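Asker: This is the structure I have questions about; it appears just below.
The values are calculated or read from the model by the stated rules, or taken from the named source; none is laboratory data. Given the structure is predicted, the values throughout are model-derived calculations rather than measurements. With ideal geometry, Cβ positions are generated from the backbone for all residues, glycine too; neighbour counts draw on all protein chains shown. Just so you know, the surface numbers come from the protein's heavy atoms only, side chains and all, with ligands and any DNA or RNA stripped out. Shrake-Rupley method; radii C 1.70, N 1.55, O 1.52, S 1.80 Å.
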Amino acid sequence: MSTNQFLSQTVLNLEESATLMMSQMARDLKAKGHDVISLSIGEPDFDTPSFVREAAKQALDEGYTHYTPVPGLIELREAICTKLKRDNSLTFEPKNIVVSNGAKQTIYNLCQALLNPGDEVIIFTPYWVSYIEIVRLAGGVPVIVSADVEQDYKVNPEDVASAITERTKFVLFSSPSNPTGSVYTRKELEAIADVIAPHDHVHVVSDEIYEHIVFDGVHESIAQFENVRDRTIVVNGMSKGFAMTGWRLGYMAAPEFIAKACTKIQGQVTSGASSFGQKAAVAALLADPNVTKEMMKTFLARREFVIGQLRQIEGLKLSVPEGAFYIFPDCSNFFNKSYEGSVIKDSDQLALSILEGVKVATVSGAAFGAPNCIRLSYAASEAQLAEACKRLQTYFEAMVD
Ligand code: PMP
Ligand code: GLU
């Protein structure tokens, strides 16, 4: 029997995470001595603020080394409610909150709790890589609603309306968006809420993990609109705003029956998030919200720099991202040109060729449902970004018909 025959059909059907795969390729090349600049993974390059680290150390010394309630420590769920009120004017109670091992697991729990085989999930596209696979793992059917660079990658409400069917379970999107950095305005979200509202079997999963990284305008939650409020699940986490990716802490605020269902799943799968990590999250969430502003200012300066550099590459189509730390250029003008004798046909080939040719790791847009694009994460130092942009310019200038 081959090893593949021994594996489940589920894992054989599963795509590997392209973001994690590209960053591993970059690490492997670096380990072999290549001078690789990684703009592949979406991870703040800052360390977790020291007061948060101190809170975890204190929690360990105070004996927070045991299991917690499955949906999270009550004080953390209360802190999350305080944060949602303070930052988003949303009213939730601890019974609505479930804390998990990252927003990724939060979305996994939701899909396992809500989807029956054949149920449809409308996913705004470009989408974050894992949405599709997590929906599929639960037997759901992803339904793509796309927006291109000319629309700043923001979907038309009419397209959402026409994608809704009897089988639609929920609509799933992130704003600020990974991979595009686009941020939906209040008006745009209201128009989307208006098309969903009449279909009372349709819920909304609003992934707001980049809410603290918004440069133009302010972060708005679709949960603010009364016509969809009771059917909206807000997903958020500590990874991006507080530079806590390795802590694995995310959460949802959901109608009670959904929170209970996700708690049931979590109780059989992980038992919950780490106890001392949860104590640190309390400190982070209850701190002055300005703590996240310093990182935001740094990301803004980097966005300005990288956009300025990429504008000099003739042929790239750019949408200026209003948030997160990604730039998602449309590179389709370069398809069917060649680099050092190899014809580049699509974004997969382009991302690999850029990595091999000039040692810059990006992620192919195909992984995000946008095969005309590549994603650059500018969560890297100014020196690395300057060098990476120089190399990208060299690469694209070397392409010939
Ligand atoms: N949602 C989006 C849009 C993301 O980019 C990520 C990537 N980290 C996540 C959710 C998951 O984050 P985590 O599991 O680290 O909380
Ligand atoms: N969300 C980040 C990214 O898109 C981290 C990697 C991941 O979780 O897939 O790069």
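Asker: Please specify each residue of the range 333-347 satisfying the condition of being assigned to a strand (DSSP E or B) and open to solvent by 60 Å² or more (accessible area, probe 1.4 Å).
Answerer: 342, 343
Asker: Only one of (1) buried (at least 24 other Cβ atoms within 10 Å of the Cβ); (2) under 15 Å from residue 109 (Cβ atoms); (3) away from ligand 2 (no atom under 16 Å from the Cβ) is not met by residue 249, so which one is it?
Answerer: Answer for residue 249: the failing condition is (3).
Asker: For residue 30, all conditions in the list (1) more than 16 Å from ligand 2 (Cβ to nearest atom); (2) within 30 Å of residue 296 (Cβ to Cβ); (3) loosely packed, with under 15 Cβ neighbours inside 10 Å hold save one; what is the number of the exception?
Answerer: Checking residue 30 against (1) more than 16 Å from ligand 2 (Cβ to nearest atom); (2) within 30 Å of residue 296 (Cβ to Cβ); (3) loosely packed, with under 15 Cβ neighbours inside 10 Å, the one that fails is (3).
Asker: Hey, among 131, 127, 153, 108, which residue is open to solvent by 10 Å² or more (accessible area, probe 1.4 Å), closer than 24 Å to residue 263 by Cβ, within 16 Å of ligand 2 (Cβ to nearest atom) and of a type in the set (Phe, Trp, Tyr)?
Answerer: Among 131, 127, 153, 108, only 108 is open to solvent by 10 Å² or more (accessible area, probe 1.4 Å), closer than 24 Å to residue 263 by Cβ, within 16 Å of ligand 2 (Cβ to nearest atom) and of a type in the set (Phe, Trp, Tyr).
Asker: Out of the residues in the range 188-210 meeting the condition of being within 22 Å of the chain's Cα centre (by Cα) and open to solvent by 40 Å² or more (accessible area, probe 1.4 Å), tell me which one is farthest from residue 224 (Cα to Cα).
Answerer: 188
Asker: Still on this structure: State yes or no: is residue 350 of a type outside the set (Asp, Glu), within 16 Å of ligand 2 (Cβ to nearest atom), open to solvent by less than 50 Å² (accessible area, probe 1.4 Å) and assigned to a helix (DSSP H, G or I)?
Answerer: So residue 350 fails the test.
Asker: Also, I was wondering about something else. Among the residues of the range 73-80, is any touching a Lys or Arg at 6+ places or on another chain (Cβ under 9 Å), within 16 Å of ligand 1 (Cβ to nearest atom) and in contact (Cβ under 8 Å) with a residue 24 or more places away in the chain?
Answerer: yes
Asker: So, residue 377, is that one of a type outside the set (A, V, I, L, M, F, W, C), within 14 Å of residue 392 (Cα to Cα), at pLDDT 95 or above and within 25 Å of the chain's Cα centre (by Cα) or not?
Answerer: Criteria met by residue 377.
Asker: Among the residues of the range 110-145 satisfying the criterion of being among the aromatic types (Phe, Trp, Tyr) and in contact with a strand residue (DSSP E or B) (Cβ under 7 Å, 6 or more places away or on another chain), which is farthest from ligand 1 (Cβ to nearest atom)?
Answerer: Checked the range 110-145; the qualifying residue farthest from ligand 1 (Cβ to nearest atom) is 124.
Asker: Considering only residues of the range 151-186 that are away from ligand 1 (no atom under 16 Å from the Cβ) and in contact (Cβ under 8 Å) with a residue 40 or more places away in the chain, which is nearest to residue 366 (Cα to Cα)?
Answerer: If we take residues in the range 151-186 being away from ligand 1 (no atom under 16 Å from the Cβ) and in contact (Cβ under 8 Å) with a residue 40 or more places away in the chain, then 152 is nearest to residue 366 (Cα to Cα).
Asker: Exactly one of these conditions fails for residue 215: (1) buried (at least 20 other Cβ atoms within 10 Å of the Cβ); (2) touching a Leu at 6+ places or on another chain (Cβ under 6 Å). Give me its number.
Answerer: The failed condition is (1).
Asker: Same structure, new question: Picking from 388, 380, which residue would you name as being over 15 Å from residue 22 (Cα atoms), touching a strand residue (DSSP E or B) at 6+ places or on another chain (Cβ under 9 Å), surrounded by fewer than 24 Cβ atoms within 10 Å (Cβ to Cβ) and touching a residue at least 40 places away in the same chain (Cβ under 8 Å)?
Answerer: Matching residue, one of 388, 380: 380.
Asker: Let me ask something else about it. Can you give me the ranges of the helices (runs of 4 or more DSSP H) entirely in the range 233-315 with at least 2 residues that are within 13 Å of ligand 1 (Cβ to nearest atom)?
Answerer: Helices (runs of 4 or more DSSP H) meeting the threshold: 275-286.
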